[in-house]
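The values are calculated or read from the model by the stated rules, or taken from the named source; none is laboratory data. The shown structure was predicted, so the numbers you read here are calculated from the model rather than taken from an experiment. Glycine gets a Cβ as well: all are built from the backbone with ideal geometry, and neighbour counts include every protein chain shown. Remember, those area values only see protein heavy atoms, side chains included, never the ligands or the DNA or RNA. Shrake-Rupley method; radii C 1.70, N 1.55, O 1.52, S 1.80 Å.
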Amino acid sequence: MALTRRNLLKWGTAVTAASLPGLRHIAFAGEERSGNHCLVVVFLRGGCDGLSLLAPTDDPNYVADRAPELRVQTSGPKPGRALRQNFAPQIDFRLHPEAAPLGELYDAGHLALVHAAGLQNGTRSHFVAQDLMERGLADSPGFKETGDGWVTRFLLATPSTLPAIATTNAIPAALAFHGDSLAIPDLRGGLALPGGAQPKEVLAALYAGTNDPFSLAARTTLHDMEMIDARLPHGADGKILAYQAEQNAVYEETETGRSLQTVARLLKMDIGLSIACVDVDGWDHHENMGGRFANLAGQFARGLSAFWNDTARYHDRLTVVVMTEFGRRLRTNKSNGTDHGHGGVMMVLGGQINGGVIYGRWPGLASAELDNGVDLSVTTDYRSVLSEVLSARFAGASALPRIFPNFSAGPRLGIVRT
Amino acid sequence: MPIPVETLVLGRLAFGASAEDRAQFLILGANRWIDEQLMPPDGDDPAMLARLDAVRLRVKYNSSDTYPAMDELRPLSSLTKDIAQLWPLTDGKAPIGGPERQLPRLEVAAATVQRSIHSHWQVREVMVDFWHNHFNVNAAADTAVAVALPAYDRTIRTHALGNFRDFLEAIATSPAMLTYLNNRSSRAGNANENFGRELFELHSLGRDAYLNGLYNRWKDVPGAPKGQPAGYIDQDIYEAARAFTGWTIEDGAGLGGGQTLPATGRFTYVETWHDNYQKRVLATEFDPFQPPLTDGRKVLDLLASHPATARFLCTKLCRRLVADTPPEALVAAATKVWTENRAKPDQIKRVVAFIAKSPAMRDGFGGKVKRPLELVASYARATGINVTVTNGLLNELDGSGQRLFGWAPPTGHPDVMTYWLSSHVLRRRWSLLAGLSENWWATGVFSPTRAFAGPVRAAEAVQLWHEALTGTPPVPETTAAILDGMRLAQDARLNDRPDFEPLTRRMVAYCAMTPSFNLR
């Protein structure tokens, strides 16, 4: 059995390698794999305000509790992007005007929205909520027992070894204890070690015989980085050639743009990429939310739209899920911002989904309908959305109890085509 | 080969061991070395001041309609300035180049690296690094935090070994934190909860004491009927946020009636913004209409004296100083010392001394991976490279995952190895070591051959430098890995080679990429 970083991460907690199932070394080399489905999980960190992203513009409670500059309008210079929907036909749900590119994807049937979705737990802590969601749980006692992430368990449950990547500096908690995942925030400079061939050779030999955590991690890194770097187009000077996006897609110099460009590039290497975890930070808008949300929502919507255009050849085997740890408080604070809330918005983008629909159940915004009297309730568990995507496109329904322990998804939402 | 005690202790209580440190440690013995370290002078000693004076940072930007282009090297100038002197940089309409506005952050980062490498008072530097992460602010995203950072750093240095209750108030009234967690704009009516929430979850009680998933009413929290709740829920956060309304800074904001606050950036309390009505925090009643600052101070009293705070802080201290998963007995004993000395002005120093002198400090190598700052500083210290920090080194450190005073979430940088073993961070470690060896960022020339007394063969050179870095000789496989890759025979005579110096520089960097130099 090959030793991977998964072992070393367990090393500290004294779990023996032999007790871990299905360890295999990541294998890109010489294995041209294609045809598998790829899931991109985008996490909007900080708590994205679902009531600004997909706004119930004419709901009287929404109008009453938010100043005009902190809610989406139906008229004026920047009205929200209207959507056809039967989710709550009596309410004029609109996308934030800066998120209008998402409206195109919605109209084309590629994008599904889920409102009042999230974590069914009372926490309003970023860090508790993110940890629970990345570990596929809903309560803290479960957290103490389950250290690994839901993506890790998904990868263990899938029949073949497929690499996973994160476009962040470090792997997120969803991939905790998965030894073979790679953190690749940017490919534009390549992944070779500076200093030529010699450091590669020395370092490989240096870590060959030892099984401490550092050696294990370094070994995997050297191997996988070299494999990926070899597949990047190099110019005559050895430098990495600029990425050529397809369909005239333009990636902006933003976290969304940089990350999704990295994913697209890896996807097109046809190395069997099965999961990519992408972070988009900065949604914690306690103060001056109006301009800050508009700015970030625009970057995100344009980035996702560019990615979708660029990856047109892969649409049939590509699904993107967008999630956040919670939505935000209905009523604004005195800093022109919103504090931590509860229900939020999830999105599913893909070539094999029933898009152009808002899924879920609208709980309403009257005081008695709010969670704890203050926040949009959660009527769709985030795991219901993930379960549907995973069972239809990846692991099959039988693996779900392992991926999301103590959770029963209930009736299908119908987002994913079967 | 057992790890020498000075490697263990100096790897934990210092930014690694220099040759002089090792010698001094062996003369003094662990306990006397620790005692001496825990009595640092106020501020920098003359040797350190000279090191700070030597730093030059490049300030470079293009011209605009309102200001000329700039490209010059400047000494550090903002470290001792009052915030009022730097506050004009926050005026977005003033003709000031963008890099000027971030310069205070860059200067504090430069001073931090410089002190980590060169300060004699290593335990203090380790603790300052701990507290900057514990009370994290992000100066990279906000000019107001950047200009508040020099004062914030001074606040942390003042209290790093002091009393935790005093420390909490110094942070709660610091312009950097008031801006970063938005309490600056919090007003009666709908208070801004950002600071209150992180004060409970990250600064004091800790997330294990957040019981909102279990209880919806304050009375239901175990212990609450007796006034001693085991933890807190959102109702406590709401009330605490109200208690801190009016704690703000002089940022020129309007007060109504044509009045405005001055624009100095300093802490102030605005009575008319404060929510004066009665409150209940952690099952404790607050009477209405208390004197200025009383409500907030009472919250800080409750937090500083709560058993969950003692436990949370001591767990974090042991995790930083000993291992990712510190021994439970050590955490429990440190918690007791913390609690017993709650009222002492040197409470934190006593806890650090206890942890530092515990048997666990001399036991169990490899429970932590050095963070990039530790890697850089310990490499500079062990090699004796005469490093003076530059923009280039700071940029590389930023890219390594440890962005000093630029970490966005209020958690501070992660303190467990999973984060620091990611493929991205690992790759950057190699660059940091090779770059310091080969002077990629003009930080100082490395002359490693000076360490050789006379003619030296390749295997001897590896052995000498591996010992200088780790305190232990290399195993044969390590020597072979380095020399084979470098195409050097074990007995190759190095002195005669034209590339003697650069070849040895590279060799030393390889010695520092070993697990034994990267773990601690």
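Numbers at a glance
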| quantity | calculated |
| --- | --- |
| The protein assembly as shown: C-alpha gyration tensor shape, a/c 1.5 cut-off, then a/b vs b/c | oblate |
| Range in chain A, longest, excluding exposed GluC sites (Glu not before Pro) [loop by DSSP; at most 11 other beta-carbon atoms within 10 Å] | A:33-252 |
| 1.4 Å probe, heavy atoms, protein only - residues of the range B:190-207 losing at least 20 Å² accessible area vs chain alone | B:Asn190, B:Asn192, B:Glu193, B:Asn194, B:Arg197, B:Glu198, B:Glu201, B:Arg207 |
| Rg followed by Dmax, in Å, when chain B is reduced to its Cα trace | 25.1, 85 |
| Buried accessible area, chains B and A (both chains, 1.4 Å probe, Å² to nearest 100) | 4400 Å² |
| Cα→Cβ-extended label distance, 7 Å offset, between B:Asp363 and A:Ala366, nm | 6.4 nm |
| Residue mean of other protein chain beta carbons inside 10 Å, A:282-289 | 4 |
| Long-range amide H partners of B:Arg74 with built H, under 5 Å | B:Leu57, B:Arg58, B:Val59 |
| On Cα atoms only, tilt of A:255-267 relative to the major axis of chain A in degrees | 50 degrees |
| Solvent-accessible area, 1.4 Å probe, carbon plus sulfur percent, for the range A:6-403 | 50 percent |
| Calculated FRET value between A:Arg417 and B:Glu328, using beta carbons and R₀ = 60 Å, to 0.05 | 0.70 |
| Partners for A:Lys239 among aspartates and glutamates (Cα-Cα distance below 12 Å; same-chain residues under 8 apart left out) | A:Asp229 |
| Whether the range A:292-418 is rounded, prolate or oblate, judged on the alpha carbon gyration tensor where a/c under 1.5 counts as rounded | oblate |
| Normalised convex hull volume, the range B:126-193, alpha-carbon set, Å³ per residue | 87 Å³ |
| Computed label-point distance, nm, for sites B:Ala23 and B:Ser64 using a 7 Å Cα→Cβ extension | 5.3 nm |
| Distance between the range A:259-275 and the range B:209-288 - C-alpha centres, whole angstrom | 47 Å |
| Projected label distance in nm at A:Glu104 and A:Ala197, using a 7 Å step from Cα toward the beta-carbon | 4.7 nm |
| 222 nm mean residue ellipticity, helices alone, for chain A (DSSP H n ≥ 4; -39,500 (n - 2.57); rounded to 500) | -9000 deg cm²/dmol |
| Total charge dipole magnitude, the range A:6-403, about the Cα centre, Cβ charges on Lys, Arg, Asp, Glu only, Debye to nearest 20 | 320 debye |
| Cα long-axis angle, helix B:328-340 against chain B (0 to 90 degrees, to the nearest 10) | 50 degrees |
| DSSP-defined beta bridges in the range A:6-403 - what % are antiparallel, rounded to 5 | 45 percent |
| Rounded tilt (10° steps) of B:307-321 against the dominant C-alpha axis of chain B | 20 degrees |
| Debye log10 I(q)/I(0) for the range A:6-403, one point scatterer per Cα, at q = 0.07, 0.13 Å⁻¹ | -0.33, -1.09 |
| Coil-residue trypsin sites (Lys or Arg not before Pro) of the range B:395-490, DSSP, other Cβ within 10 Å capped at 14 | B:Arg487 |
| Fraction of antiparallel bridges per DSSP, the protein assembly as shown only, in percent to nearest 5 | 60 percent |
| Cα convex hull volume per residue for the range A:62-124 (Å³) | 139 Å³ |
| Between the range B:294-308 and the range B:89-104, the Cα center-to-center distance that results, in Å | 37 Å |
| Selection of trypsin sites (Lys or Arg not before Pro), the range A:335-418, meeting DSSP coil and at most 14 other Cβ within 10 Å | A:Arg361, A:Arg412, A:Arg417 |
| Chymotrypsin sites (Phe, Trp or Tyr not before Pro) restricted to the range B:287-367 and DSSP loop, no more than 11 other C-beta within 10 Å | B:Phe289 |
